[in-house]
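Accompanying notes for the structure given below.
Read-outs throughout are calculated quantities, based only on the coordinates presented, and are distinct from any laboratory measurement. Values in this document were obtained by computation on a predicted structure and should not be read as measured data. Here the Cβ positions follow ideal geometry from the backbone for every residue, glycine too, while neighbour counts run over all protein chains shown.
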Amino acid sequence: MARELTQLELLQELEPVAEDNVNRHIKTAKNWNPHDYVPWDEGRNFAELGGVDYDPEQSQLDEVAKAAMITNLLTEDNLPSYHRVIADNFSMDSAWGDWVGRWTAEENRHGIVMRDYLVVTRGVDPVALEEARMIHMTNGYDPMLAAAGRADELEAHADELGILHSVAYVTFQELATRVSHRNTGKACNDPIADRMLQRIAADENLHMIFYRNICGAGMDISPDQTLRAVTDIVTNFQMPGAGMPNFRRHGVLMAKHGIYDLRQHLEEVIMPVLRKWNVFDRTDFGPEGEKTREELAAFLEQLGKDATRFEEMRDRALAREAAKAAKQAQAS
Ligand SMILES: [Fe+2]
Ligand SMILES: [Fe+2]
């Protein structure tokens, strides 16, 4: 069996790939300004400055759009947790350090613009939003450990959970946030919000490509080891933002209304990336890698079944709600 590479060896071997991809990213990324995406003339003071405080009637967003906006913004707000994972597992030297800085600065824009939009348009309660941000950020979150399902075994596996797990995690996470932002934009029913979230989603896509290329190069350099990390992440993946206040309730609403559901997770996030890495057709896995691939395939098959079951339940629930609404309309 091929020897597993150490974290240091992986960083060294993958450094030229990181350098090429930082350069490609800088050439491709668009510089944009958050203030250009916010309808400032809709804004007015809150009570503290002689105006009026938030009232739910002021919001143009329905419950689904609100839940999605809050979830997506809190995820962006929690950038320090994500930065910590990336900074801890990447080197801060050379191209690795350049990427960590650049990516962090770009991510920060997302939280800035979404918060400005929501406060100016009074889309959500700014006090509740701030309370949720405080809770979520104070708790912190180690997305990688949680996603790798090994939070309880940190000591035993600390040296296995390194760069490969982190790049695998962020590859899927960036793509998941891309899907979620895009669909939230549509759900807001406001062309300004849609444009803003399209802009953010385009950034997330470029971030995903960076991490996907690094992880893909890892798959070529050390196939069995990389597939193990990918499989750990895929089989334990939690939606970005797990653990934030109301996450379950908001997650259910988002899944029920097609902002982010199991089918999208499987077909728009997991499968395109696995196909890009050619996971199911490659011939360079050793016996361990072959075993891991079978484990991954079985998991994906089950995920497909779970997605179908969820869709059936959702269709029935939505039909019941529609029938109830029709009955109420008739009665009134
Ligand atoms: Fe982001
Ligand atoms: Fe991103």
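Computing FRET efficiency as 1/(1 + (r/R0)^6) for ASP20 and GLU288, where r is the C-beta to C-beta distance and R0 is 30 Å, gives about 0.55. 3J(HN,Hα) along the range 103-120: 4, 4, 5, 5, 4, 4, 4, 5, x, 4, 5, 5, 5, 4, 4, 5, 6, 5 Hz, from the Karplus curve 6.51 cos²θ - 1.76 cosθ + 1.60 with θ = phi - 60°, whole Hz, x for Gly and Pro. Estimated from helices alone, the mean residue ellipticity of the chain at 222 nm is -23500 deg cm²/dmol (sum of -39500 (n - 2.57) over DSSP H runs with n ≥ 4, per residue). If we count every other residue with Cβ under 14 angstrom of LEU266's Cβ, Lys/Arg +1 and Asp/Glu -1, where does the sum land? Every neighbour counted, the sum reads -2. Under 8 Å for C-alpha pairs, at least 6 residues apart: give me the relative contact order for the range 7-331, rounded to a whole percent. Relative contact order here is 22 percent. Exposed loop positions in the chain were taken to be trypsin sites (Lys or Arg not before Pro) whose DSSP state is not H, G, I, E or B and which have at most 12 other beta-carbon atoms within 10 angstrom. Between these positions, the longest stretch is 45-332.
Computed from the Cβ-Cβ distance with R0 of 35 Å, the FRET efficiency linking THR28 to ALA297 stands at 0.55. For the range 7-331, the Cα gyration tensor yields ellipsoid semi-axes of 36, 25, 17 Å (square root of five times each eigenvalue, largest first, whole Å). Can you tally the net charge around LEU197? Count Lys and Arg as +1, Asp and Glu as -1, for every other residue whose Cβ sits under 9 Å from the Cβ of LEU197. That works out to +3. For a modelled paramagnetic label at ASP53, 7 Å from Cα along Cα-to-Cβ, the residues of the range 98-125 in reach, with backbone nitrogen under 20 Å, are 118-125.
Inter-label distance, ALA326 to GLU267: 2.6 nm, where each label sits 7 Å from its Cα along the C-beta direction.
Derived scalar couplings between HN and Hα for the range 285-300 equal 7, x, x, 5, x, 4, 5, 5, 4, 5, 4, 5, 4, 5, 5, 5 Hz in order, rounded to whole Hz, by the Karplus curve 6.51 cos²θ - 1.76 cosθ + 1.60 (θ = phi - 60°), x for Gly and Pro. Farthest toward the positive end of the dipole of the chain, out of ALA331, PRO34, TRP96, is the Cα of ALA331, where the dipole comes from beta carbon charges about the Cα centre. A simple rule links phi to the HN-Hα coupling: the Karplus curve 6.51 cos²θ - 1.76 cosθ + 1.60 with θ = phi - 60°, which for the range 124-138 gives 9, 5, x, 6, 4, 4, 5, 4, 5, 4, 4, 5, 5, 6, 5 Hz, with x for Gly and Pro. Give LYS30/LYS186; LYS27/LYS256; LYS66/LYS276 a once-over and call out the pairs whose C-alpha atoms are over 32 Å from each other. Those over the limit are LYS27/LYS256; LYS66/LYS276. Charged neighbours of ILE70, selected by a Cβ distance under 12 Å, balance to -2 (K, R count +1; D, E count -1). Using only side-chain charges placed at the Cβ, +1 for Lys and Arg and -1 for Asp and Glu, the dipole size of the chain relative to its Cα centre rounds to 1240 debye. Proximity of backbone amide H atoms, modeled 1.01 Å from N, is registered between ASP261 and no other residue at under 5 Å, excluding neighbours fewer than 5 places apart on the same chain.
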